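Novice: Just passing along the structure, written as structure tokens.
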Amino acid sequence: MLAFDTIQRAPKALLHDHLDGGLRAATIIDLAAEYGYDGLPTTDIDELAAWIRRGADRKSLELYLETFAHTFGVMQWPDAITRVAAECAEDLAADGVVYAEVRMAPELCTGRGLTLDEAVEAMLEGFRIGSDRATAAGHPIVMKLLVTAMRQAARSVEVAECAVRWRDAGVVGFDIAGPEEGYRPTRHLDAFDHVRRENFHITIHAGESFGLPSIWEALQFCGAERLGHGVRIVDDITVNDDGSFALGRLAAFVRDRRVPLEMCPTSNVHTGAARSIAEHPFDLLRRLRYRVTVNTDNRLMSGVTLSSEFAALDEAFGLGLGEMEWLTINAMKSAFAPFDDRLRLINEVVKPGYAHLRAEEARVVVVQ
Ligand SMILES: [Zn+2]
């Protein structure tokens, strides 16, 4: 098994992480006091963190989503949003993440009068401040924003237009999130059409709590380049007793076209999309060489970091450094940042980082 310290020092890339799912509990309490938000169940840091985690682990996506009221509740003011975004960059960088696409629905920040653009501007400002601080602390990180629309709401066209407006300032794509059942991606076709006409990028939460039709619509009607979770693609894969397998048309399409799957193992256990890490479809999908990536989803709600997700997967499936590097390069290949930037990170940061750790491991073996 890999040492946790090795996992943490290994360069990692993160494609699926929600800004309003990764606040420090202490910051929620600070911001609530500063801005007079009085909805919190407790003002004790540990109790609040535990309360949120308990609320998230109820085996239902709808119940899981209820816990966000208090995180975006304190993200209604530009300075508050900027602080949350800056701390996000610092926390990810300290965990060894070198490239992150963090997402947020700006419409959730408009409850007290902010516009979508003001909310996005505050997020990007926070990423800039946080990544500067992280670089100064010796952990450089490239931070990008994905702008999300809520699938149960009706603002997706406005949100998509907002995402495109900020594309040269750090926004790299558009997503929809929220309850999946009853809110299929094709409800938002106009938004996706706009993004595609602008030659911009789309990832869609699909195949998390709802099955194949949601994945099919996301890919074939809405133009998703990546799938948020996508775990239910296993419903289209038959594994026979002798270990052979047969792919349905959709499962074959996803594999043949190398559609990236933004997998978030612990979150899937909490929402009931998987029974345990050991039984998570991650294992089958990586063995079938799908374009699998490893992600956190909501660090606060699930009580995880990207390193702890890799540690859990390493414990269950014995990833080792080789597969960790493969998963990281999968993520970099699937990122929405420009090709040159991705290539630079792969060749100058990721590959040398893993080579260094492998050399270190070899030295340890020789000494033993
Ligand atoms: Zn998500």
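Novice: Looking at this structure, is residue 211 in contact with a Lys or Arg (Cβ under 9 Å, 6 or more places away or on another chain), within 24 Å of residue 64 (Cβ to Cβ) and more than 16 Å from the ligand (Cβ to nearest atom)?
Specialist: It is true that residue 211 is in contact with a Lys or Arg (Cβ under 9 Å, 6 or more places away or on another chain), within 24 Å of residue 64 (Cβ to Cβ) and more than 16 Å from the ligand (Cβ to nearest atom).
Novice: To continue, here is another question. Take the residues in the stretch 276-295 that are assigned to a helix (DSSP H, G or I) and crowded, with 20+ Cβ neighbours inside 10 Å; name whichever of them is farthest from the ligand (Cβ to nearest atom).
Specialist: That would be 286.
Novice: Output the qualifying pairs, or none if there are none: Cβ atoms under 8 angstrom, residues six or more apart or on different chains, first residue in the stretch 202-221 and farther than 16 Å from residue 273 by Cβ, second residue within 15 Å of the ligand (Cβ to nearest atom) and part of a helix (DSSP H, G or I).
Specialist: Close Cβ pairs satisfying both conditions: 217/185; 221/185.
Novice: I've got another one for you. Any chance you could count how many residues in the stretch 36-79 are closer than 20 Å to residue 110 by Cα, surrounded by fewer than 16 Cβ atoms within 10 Å (Cβ to Cβ) and in contact (Cβ under 8 Å) with a residue 24 or more places away in the chain?
Specialist: Within the stretch 36-79, residues that are closer than 20 Å to residue 110 by Cα, surrounded by fewer than 16 Cβ atoms within 10 Å (Cβ to Cβ) and in contact (Cβ under 8 Å) with a residue 24 or more places away in the chain number 3.
Novice: Here's something else I'd like to know. Hey, any hits in the stretch 355-368 for a residue that's within 26 Å of residue 87 (Cα to Cα) and either buried (at least 22 other Cβ atoms within 10 Å of the Cβ) or at pLDDT below 95 (or both)?
Specialist: Checked the stretch 355-368: no residue is within 26 Å of residue 87 (Cα to Cα) and either buried (at least 22 other Cβ atoms within 10 Å of the Cβ) or at pLDDT below 95 (or both).
Novice: Return the residue satisfying two criteria in turn: it lies in the stretch 216-232 and is more than 12 Å from the ligand (Cβ to nearest atom) and in a loop (DSSP other than H, G, I, E, B), and of such residues it is surrounded by the fewest Cβ atoms within 10 Å (Cβ to Cβ).
Specialist: That would be 221.
Novice: How many residues are of a type in the set (Gly, Ala, Ser), within 12 Å of the ligand (Cβ to nearest atom) and in a loop (DSSP other than H, G, I, E, B) if we restrict to the stretch 260-275?
Specialist: So the count comes out to 1.
Novice: In addition: Give, as residue ranges, the helices (runs of 4 or more DSSP H) completely inside the stretch 9-119 that count at least 1 residues that are away from the ligand (no atom under 16 Å from the Cβ).
Specialist: Once the helices (runs of 4 or more DSSP H) in the stretch 9-119 are filtered for at least 1 residues that are away from the ligand (no atom under 16 Å from the Cβ), what remains is 25-35, 45-56, 69-73, 78-94.
Novice: List the residue pairs whose Cβ atoms are under 7 Å apart, where the first residue sits in the stretch 295-311 and is of a type in the set (Asp, Glu), the second is within 10 Å of the ligand (Cβ to nearest atom), and the two are 6 or more positions apart or on different chains.
Specialist: Cβ pairs passing all conditions: 297/16; 297/17; 297/18; 297/21; 297/264; 297/267; 309/296.
The values are calculated or read from the model by the stated rules, or taken from the named source; none is laboratory data. Quick caveat: nothing in here was measured; it's all calculated off a predicted structure. Cβ coordinates were reconstructed from backbone atoms using ideal geometry, including for glycine residues, and neighbour counts include every protein chain displayed.
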